[in-house]
Every structure is written in structure tokens, then in C-alpha cells.
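Just below is one structure, and these are the notes that go with it.
Any read-out appearing in this document is the output of simple, stated calculations on the displayed coordinates, not a laboratory observation. Small disclaimer: the values here were computed from a predicted structure and weren't measured. Positions of Cβ are generated from backbone atoms using ideal geometry, with glycine treated the same way; all protein chains shown enter the neighbour counts.
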Amino acid sequence: MQIKLNGQWVQLEQGTNIAQIVEQRGLHPHGVVVEVNLNIKRREEWDQTILQENDEVEILTFVGGG
Amino acid sequence: MEHNDAKTAIKAEDWFELGGHKLTNRLFLGTGKFPNKQVIPKVIAAAQNQVITVALRRIDLSATDENVLNYIPKTNILLPNTSGARTAQEAVRIARIAREAGCGNWVKIEVISDNKYLLPDNYETIKATEILAKEGFVVLPYMSPDLMAAKAMVEAGAAAVMPLGSPIGTNRGIKTKELIRILIDEIPLPIIVDAGIGKPSEAAEAMEMGAAAVLVNTAIATAQDPVGMAEAFYLAVKAGRQAYLSGTAATWEFAQASSPLTGFLSEV
């Protein structure tokens, strides 16, 4: 199935959850926040949140700024 | 306070409370525009700042770019900004995301839809302040120094007010001096001058006026020696604050002789 991840369409296996998508991309969860369809998904929800076709996922983190 | 010994006067506890924290260092540091991340911990060591700003962005999925948090000591208070937000709603969204990262509940509201001067939208900032203060954030709104807007931010529950000295990144100094002076006199919250401070002397100038703190980013990050410049700013903020506490002398229109009149020289 396809989802939009940080603005880009990507292919994902059916049944992938947030924890998996973060891990698959080699991301460390520290300081990382995930939104699905504009809803913030808390860390505790990552395992249970299964992504659906056409979901828009944002993986956000802190960067340098003034 | 005794001022006989300058060293003890500076070391004597001068602090202000913000968001439940006791701040003894009045220099807040920004983390944008540094040549690399490795220099950031050295800059923090030189600036001795307790508060540090960061921005929130999409994680770079293609790069193995290390998280900026890895370069900031855990003892620093993180102040995420809502840069990118053009409306109150966008600022609120960013703030909630930032808080979810689990690094605290402080937020610098930055709502800008002017791309030329990056001047903040006071009206949207007031709206965001009200929403986020109600949700328990420690809100520090970045604003254009206007007394009525600052009063509204106080009413809305801001923890401090952050007026700009001159536009972001311009290093033009405290061009808004007279308006900031009014805020310092009239607003019962810490006034933290943010944006446009280009030199340590300008940071000292803000502190001499009675600002509670200053936020500096570009002037340090883009200096030839950011670490050296961070130390210079650290000293300037201390000097400016010390001057304020010591009561700066009055200014006069005409000369006021410093030495007594001579009596022994004959008149011609």
C-alpha cells in the first residue's frame, strides 16, 4: 500500500505500524514526534497504530533554530 | 546590594524566575546557522546559557544527520520555536508537537508571514499565546515591540515577552530601543530582547536598559570564531546587567568637569 511520508509517497507493507516505520528508517526515537493525518501519535501508541492506505505521516524532530 | 567589591557584586545571586526555573544566566542562545553541530557544545560552554532555542522540522530521512539534541547538555532548558508558522493555529500545532517530544513545555511563539523582514504577526501571536497558556505551556512570545500587544500577551498568560531589536539575522542592533524601554517600564513580566543583536555591546545595551535577558543567535553562529564570540556575549550580558544594577549615571547636555577648578594658575 502507499502512504505519504514527510511529503513523499512511499510503498509500505500492509499492517506496518509507526514503531516499525521509525525503526525501518534507522531512526532513533529520542526527540522524534510522529503525526498521522495531523494527529500526534504518542510514543505509547506507536506499536498499536497500524498505517492505512493514503495516510499522511509526518516524522518530526528538533533542528538548529533561533 | 554592596558594590565595593565588583567581583562579589557580580557573583552575588542575581536571578529571575521563568517557568518555574531560577535563571542566573541572562543570555539565551539560538542554535541556527552554525557552521557545524560539533561547535555547539563548545559555544554553550562559553556562553554558559541555561536556555537554548531549537526549531521543529521534518526529520531528514535521506541523511544520517545527527539530532541536534545530541549536542545540547541535558541541563539546558529547551525552548522550541514555532518558526514556519504563519498563523496562530500553525504555531499551536508546532508547540503541541514539540511538547510531545518530551523535552519540556516551554515554547517560543514565532508567527511570521512576512518573508522580507521576518517581522512577527503580533495579532496571531496573541491568539496562540492564549491557547497555549491555557494548555499549560510556558509561553514566550516573540513580538514587534508594541505596548498594547504586549499587554494583551500578559493578559493571555505569557511568561515573558520577547520584543525584537531589529529584524532576524540583520545584526542591526537595538533599533527599537525607545519602544523596548517603554515595555521594560510598563510590562510586569521579564522582557527578553530577541533578534537583531549583532554585537556584545548591543547585548550590554539591552541589559543596561533593564531587559531581563537577551536571545542571540546569528551574531554568535556566524562570527568568525563562534566560541570566542559566545564568551564575549557572556561577559557583555554580565557587564550590562551589573551596570543596570549599579544605576547608570545621568546624561548632561553640557560638560561637567571631572577635576576641581584650578586656583593656583594666574589669570591672563
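Could you give me the radius of gyration and the Dmax of chain B, taking only the C-alpha atoms into account and expressing both in angstrom?
According to the Cα coordinates of chain B, Rg and Dmax are 20.5, 86 Å.
Of chain B, which part is the longest with no chymotrypsin sites (Phe, Trp or Tyr not before Pro) in a loop (DSSP not H, G, I, E, B) and with at most 12 other C-beta atoms within 10 angstrom?
B:16-251
By a straight-distance test (C-alpha under 16 Å), which aspartates and glutamates pair with B:K151 as possible cross-link partners, with residues fewer than eight away in the same chain excluded?
Within the straight-line limit of under 16 Å, B:K151 reaches these aspartates and glutamates: B:D121, B:E124, B:E130, B:D185, B:E186.
Using only Cα atoms and rounding to the nearest 10 degrees, what angle (0 to 90) does helix B:200-209 make with the longest principal axis of chain B?
80 degrees
For the range B:83-164, run through the trypsin sites (Lys or Arg not before Pro) and keep only the ones in DSSP coil with at most 12 other Cβ atoms within 10 Å of their Cβ. Write down the numbers at each step before the final one.
On the way: sites: B:R86, B:R93, B:R96, B:R99, B:K108, B:K116, B:K127, B:K134, B:K151; in loops: B:R86, B:K116.
For trypsin sites (Lys or Arg not before Pro) across the range B:83-164 that sit outside H, G, I, E and B with at most 12 neighbouring Cβ atoms in 10 Å, the list reads B:K116.
If the only charges are +1 at each Lys and Arg Cβ and -1 at each Asp and Glu Cβ, what is the size of the charge dipole of the range B:140-268 around the Cα centre, to the nearest 20 debye?
Working: 8 positive and 13 negative charges, 45 e Å.
Once rounded to the nearest 20, the dipole reads 220 debye.
Once amide H atoms are placed 1.01 Å from N in the peptide plane, what residues at a sequence separation of 5 or more from A:K41, or on another chain, have their amide H within under 5 Å of its amide H?
A:V34, A:E35, A:V36
Grab the Cα-Cα distance for B:S246 and B:Q38, subtract it from 0.36 nm times how many residues apart they are, and report the gain in nm with one decimal.
That pair, B:S246 and B:Q38, stretches by 71.1 nm at full extension.
Connecting C-alpha atoms closer than 10 Å in a GNM of chain B, tell me which of B:L245, B:L61, B:L79 has the biggest fluctuation.
B:L61
Sum up the charges of everything whose Cβ sits under 13 Å from the Cβ of A:Q14, counting Lys and Arg as +1 and Asp and Glu as -1, but leave A:Q14 out. Before the final figure, lay out each step's value.
Working: positive: none; negative: A:E13, A:E53, A:D55.
That works out to -3.
Could you pull out the GluC sites (Glu not before Pro) across chain A that fall in loop regions by DSSP (anything but H, G, I, E, B) with no more than 15 other Cβ atoms inside 10 Å?
Working: sites: A:E13, A:E23, A:E35, A:E44, A:E45, A:E53, A:E56, A:E58; in loops: A:E13, A:E53.
When the GluC sites (Glu not before Pro) of chain A are filtered for loop state and at most 15 Cβ neighbours within 10 Å, A:E13, A:E53 remain.
Would you list B:L27, B:L261 from fewest to most Cβ contacts within 10 Å?
B:L261, B:L27
Within the set B:K37/B:K108; B:K116/B:K238; B:K108/B:K175; B:K42/B:K134; B:K127/B:K175, which residue pairs have Cα atoms separated by over 31 Å? Don't jump to the answer; show the numbers that get you there.
Values: B:K37/B:K108 22 Å; B:K116/B:K238 33 Å; B:K108/B:K175 22 Å; B:K42/B:K134 37 Å; B:K127/B:K175 26 Å.
Checking Cα-Cα distances, B:K116/B:K238; B:K42/B:K134 exceed 31 Å.
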